[in-house]
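The values are calculated or read from the model by the stated rules, or taken from the named source; none is laboratory data. This one's a predicted model, so the numbers in the text were calculated from it and none came from an experiment. When we count neighbours, we look across all protein chains shown, and the Cβ atoms used for this are built from the backbone with ideal geometry, even at glycine. Keep in mind that these areas ignore ligands, DNA and RNA; they rest on the heavy atoms of the full protein, side chains included. Shrake-Rupley method; radii C 1.70, N 1.55, O 1.52, S 1.80 Å.
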Amino acid sequence: VGESDHIRTGLSKEQLKQAYIDNLFYLLGRFLEVATPHDSYMAAAYTVRDRMLDRWIKTARTYKASQARTVCYLSAEFLLGPHLAKNLINLGIMEVSREAGAELGLDFEAILEQEEEPGLGNGGLGRLAACYLDSLATLQIPAIGYGIRYEFGIFDQLIEDGWQVEKSDVWLRDGNPWELPRPKLRFPVRFGGHTETFQDDGRVRVRWIPDLVVEGRAYDTPILGYGVSNANLLRLWSAHAPESFDFQAFNTGDYYGAVHAKVEAETISKVLYPNDEPQAGKELRLKQQYFFASCSLQDMIRLQLGAAGTLEGFHEKFVVQLNDTHPAIAVAELMRLLIDEHRMDWEPAWEITRRTFAFTNHTLLPEALETWTVALFGRLLPRLLEIVYEINRRFLDKVRMHFLGDEARIARMSLIDEGHGRRIRMAHLATVGSFAINGVAEMHSELVKSTILKDFHDLWPERFHNVTNGVTPRRFIIVSNPRLARLLTECCGDDGWVRDMDRLRSLEPLADDVGFHEDWRRMKTAAKRDLADWLRRRVGVNVDPETLFDVQVKRIHEYKRQHLNVLHIITLYERLKAEPNRDVAPRTFVFGGKAAPGYLMAKLIIKLINSVAEVINQDPQVNDRLRVVFMPDFNVKNAQHLYPAADLSEQISMAGKEASGTGNMKFAMNGALTIGTLDGANVEIREEVGDENFFLFGHTAEQLQRLQAEGYRPWEICNDRFELRSALDLIASGLFSHGDKELFRPLVENLLYQDPFMVLADYELYLDRQTEVSHAWRDPKHWNRMSILNVARMGKFSSDRSIRDYCERIWRVRPVPAEL
Ligand code: 26M
């Protein structure tokens, strides 16, 4: 029997049917007639997984034999989204599986719907990591994703009485068929205690005596490439008490103490922190960071010693990308492992370390830059504090020499901020320990060099790079928008665009083709009907697919300015109330996004959106032309329904604040037009699609800076702008809060008297541009032309391009194709 005939590897319809029934029977103990939808999902998942394992093993063999450098992507978050559909696509068996399902009498869509997504991330940063895993595998790059196997991912969002309510995300409840536990792959991680020096072979060495040891256990998930045989590895660490604890308890009689230690150990990987910016340095968060950094490095060292028998040349076999500062502690941990555990001297250890790491910054917001108090850091990781001090001492000597004792600069660059109760600056540790530092969009990378890391750029200009973010067309076109995918394949003659998105340029000539416009309109309308159905069933609201779908979905943050969008809606509402027959383009406004549970202003913005929705949707004078919907529990699975249906994508952050944005890319590559500021990757999207196909508005980052420097007085803007004042008054009047004048006061007063993200400064420009959007909408031919050109010109924003940039400019790695 040849391999392709095998029940676990074959891709024909008959083989898939056979394998499904086999898995249903032998893994789930069920048969077709009694299988629940969840049983069916599990059997389907195992059927797909079998086919992945074959590729995975062969890939591992190929990589090992090639001796190529491995990219290790260290990230506290991986927001993968549902696996099943994505893996069917990447295996190239979506259609044949659908047919197999039909012949078995299964409801294929219902099976896909069963999957609970692994929400192991907050938003952009975690989703980017997932897109990069997809592209790494597709580009056949030897790579491992390393992270934390949180038992509870990002909370599920409920909306009750317009307020966000958080529910814990028990994603492992029904089992996870995509992962393989590796019980024998485990590493100890120490916490607390103290250090001692001792003599060893005439040299002084350091021993760390911890008061807690936690064990990290590996759980592996295969990550398939698209249309290739390569399958890479995502290895997530779960925290446990080492088995010896139980014996200790038995011996000392301290049963309670042992149980307590076990609970303490297991707490480390219990829950994802639901903030997308760090606040009050939480001890558990630092433990999580060190835990997964240490396990991952120990694993790399194991692999290196297994293959080469020596740690010399480690940096030639591994390159470690730090996804923001969350894993930056790895810089000090690799030093510790090399020096304390593998008895290396400082200089060669530092040489290896500095040539191993590269660091990506994802934010400029000062409140989001991670620091840890020396007190907490030293108590939890005493040996690592010593190493950080030594890295700093040697580094500052260099700075002193280079800038001849420029004391102010030395204080600014130190790894220790002495100004605010002594804190370790993790971005500085990451920068000093890396051979390359990058931002995530052109504008952001320039700002990194000129603001937060300016002093470092003065010292090492050659280490600074830009790699503009991208998103995977596999998930965000093929899985989420199959109609568009089919159309694109038809136009291009084949599906080559999926791996080479620049080929979509061949659509440009069709932008004026009447027949093609008809196809485009049909596709969009169908997607909008699907979304309308979904919203009716899931959210209980009716929307009209004929209206302009105006969508803003992303985490709720003041800097992202969802409230600017709301002010536009209220102004439209007031205009219609004042002039009921006024001719406005009918719109459906869709919002979605989670607020950090402790971020009160963000939660109040959600309440405001829902309150405005309640009033407007019930007002018969306007509700044929205005509708407002808040889609609860915005996550990857739900998001997939939105991108295909959006006409207008809201990317309206305060200029200079959004590092890149990636939702902006997902919308534009599905044919939505963007209304946006000159911020993050918006700048580059506009460059690519053309100024005339992008609704730009707002002050530039420099203009806003100048305004602020001159003394920004938002209330004065209000005095001049009647409609703005009136919109704020309407909120304050209690119209949207059943007469309660207090409810939204904090929000209104914040805008009037602080307005830290300059919403009011951009209000008028935003409204004017929105008026143009409405005019443009009235000319469907023109609108469709713009929409087609957006899709045709978004090739740059495939994460394949981003990963190629990393490979060529930073990692210096090449594809290693695996053969089946
Ligand atoms: C840190 C400490 C404690 C708890 C949470 C955190 C934390 C978690 C996520 C901090 C930041 C986090 O993410 C920031 C983020 O998502 N940044 C976004 O990254 C995207 C990918 O580069 C960009 O497109 C977005 O512009 C940027 O906001």
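Below, the figures for the structure above:
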quantity	calculated
Glu367-Leu765 pseudo-label distance in nm [points 7 Å out on the Cα-to-Cβ vector]	2.3 nm
Added length on full extension, which subtracts the Cα-Cα distance from 0.36 nm per residue, Trp715 to Arg98	216.2 nm
Rounded FRET efficiency, nearest 0.05, which uses the C-beta distance separating Asn617 from Lys577 and R0 of 22 Å	0.95
Solvent-accessible area, 1.4 Å probe, carbon plus sulfur percent, for the chain	52 percent
Prolate/oblate/rounded call for the chain, Cα gyration tensor, a/c under 1.5 rounded	oblate
Low-density loop positions, GluC sites (Glu not before Pro), region 533-604 - DSSP coil, at most 14 other Cβ in 10 Å	Glu546
Table column - 3J(HN,Hα) (Hz), region 40-55, Karplus curve with 6.51, -1.76, 1.60, x for Gly and Pro	4, 4, 4, 5, 5, 4, 5, 4, 6, 4, 3, 5, 6, 4, 3, 5
Residues with amide H under 5 Å from that of Phe549, placed H, sequence gap 5 or more	Thr588, Asp647, Leu648
Protection proxy ranking, peptides 484-496, 190-202, 70-82, average beta carbon neighbours within 10 Å, highest first	70-82, 484-496, 190-202
Built amide H within the under 5 Å cut-off of Cys72, gap 5+	Ile144, Val319, Val320, Gln321
Bridge type composition, the chain - antiparallel percent by DSSP, nearest 5	45 percent
Shape of region 688-820, Cα gyration tensor, a/c cut at 1.5	prolate
Accessible area expressed per residue, the chain, with surrounding protein chains retained (probe 1.4 Å, Å²)	39 Å²
Region 85-102 versus region 44-70: alpha-carbon centroid distance in Å	19 Å
Local electrostatic count at Ala44 - Lys and Arg +1, Asp and Glu -1, tallied over other residues with Cβ under 15 Å	-4
Length-normalised contact order for region 480-804 - Cα pairs under 8 Å, 6+ apart - percent	23 percent
Pairwise FRET efficiency - Asp533 versus Ala375, Cβ, R0 = 45 Å, nearest 0.05	0.20
Euclidean distance of C-alpha centroids, region 489-538 and region 168-226, integer Å	46 Å
Label zone at Asp779, where the point sits 7 Å out along the Cα-to-Cβ direction: region 692-710 residues whose backbone N lies under 17 Å	692-696
Derived scalar couplings ³J(HN,Hα) [region 417-426; Karplus, 6.51 cos²θ - 1.76 cosθ + 1.60; whole Hz; x for Gly, Pro]	7, 8, x, 10, x, 6, 10, 8, 8, 5
Contact order normalised by residue count of the chain, Cα under 8 Å, 6+ apart, percent	14 percent
Segment Phe722-Arg355, length gained on full extension (0.36 nm per residue, minus Cα span)	126.3 nm
HN-Hα J in Hz across region 152-166 - Karplus 6.51, -1.76, 1.60, θ = phi - 60°, x for Gly and Pro	10, x, 4, 4, 7, 9, 10, 10, 10, 6, x, 9, 6, 10, 9
Whether region 328-467 is rounded, prolate or oblate, judged on the alpha carbon gyration tensor where a/c under 1.5 counts as rounded	rounded
